[in-house]
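See structure below.
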Amino acid sequence: MKSGQGKMSNTDSFIDEVNDELRRDRLYAMVRRYGWIAALAVVLIVGAAAWSEYRKAQVTAAAQATGDAILQALRAETPAGRAGLLATIETNNPQSRAIVEMLASASAVEANQPEAALAALQEIASSGEVPEIYRQIATFKILTMRDSGLSVSDRRAGFEAIAQPGSAFRLLSEEQLALMDIEALNPDAAIARYQSILQDAEVSADLQQRALQVIVALGGTPDLGSLTTAGN
């Protein structure tokens, strides 16, 4: 009986070894047949990681180069010199481009070059690649420029467009519209607009103070019923 059990045990062991060999043979066959796919996947993964790091290094280097060029331009002794150097800076990054154009516009204003200042702002305002906040800043600056060439109706329409809810320049645009009401000899409309600004939950302390002063100067009485201190 023991001899029979020994033979069965040897047989089972032999079968297990054969199965192991068959599994190894299948594995080696699969490796030989499909191993190139795994190797290609590794190459692609490593290549993608290397390309990503290369692109990051390129972006960082470009940003540093733009920053150095801006600093160099701002060291110019005259506004005209700064504007000229800023105009030569080239960058493919829309946000960096907007910053450069903003600085160039400010320098052009200082240099009494309104056309250059306006052109720089218009480039920002009309670019679909530039972040919305930069377009709003540029548009607001254009509308407040004396040499913009815009008619009163165009300026009013522009301020009304950026005085919509959600705009970062909503209340400042409302203030400009109130000033236009004063210029149009319509003090009641200006007081009403300033009163609305005064009661707005997002009004800054400076704008709140200006609104109070103008309402009083126009002969109105500020409605302080629900007025809260800005910033609290």
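Length gained on full extension, residue 53 to residue 160, computed as 0.36 nm times the residue gap minus the Cα-Cα distance: 34.0 nm.
This model, with +1 at the C-beta of Lys and Arg and -1 at the C-beta of Asp and Glu, gives the range 88-232 a dipole about its Cα centre of some 80 debye. Remark: spin-label model distance residue 115-residue 204 equals 3.3 nm, labels positioned 7 Å along the Cα→Cβ axis. Counted residue by residue at 0.36 nm each, then reduced by the alpha carbon distance between them, the extension gain from residue 64 to residue 78 reaches 2.6 nm.
Per residue, the accessible area of the range 86-179 comes to 53 Å² when a 1.4 Å probe rolls over the protein heavy atoms. One decimal place: the segment residue 123-residue 88 gains 11.1 nm when fully extended, by the rule 0.36 nm per residue minus the C-alpha distance. Listed values for the range 188-196 are Karplus-derived 3J(HN,Hα) couplings in whole Hz (6.51 cos²θ - 1.76 cosθ + 1.60, θ = phi - 60°), namely 4, 5, 5, 4, 4, 5, 5, 5, 5, and x replaces Gly and Pro.
3J(HN,Hα) couplings calculated from phi for the range 113-125 with the Karplus curve 6.51 cos²θ - 1.76 cosθ + 1.60 (θ = phi - 60°) are, in sequence order, 10, x, 5, 5, 4, 5, 4, 5, 5, 5, 5, 5, 4 Hz; Gly and Pro show x. With a 1.4 Å probe rolled over the protein heavy atoms of all chains, the accessible area of 88, 60 falls in the order 88, 60, largest first.
The values are calculated or read from the model by the stated rules, or taken from the named source; none is laboratory data. Source: prediction; values computed, not measured. Heads up, the Cβs are rebuilt from the backbone with ideal geometry, glycines too, and the neighbour counts pull from every protein chain shown. For the accessible areas, the whole protein counts, side chains as well, though only heavy atoms, and no ligand, DNA or RNA atoms are used. Shrake-Rupley method; radii C 1.70, N 1.55, O 1.52, S 1.80 Å.
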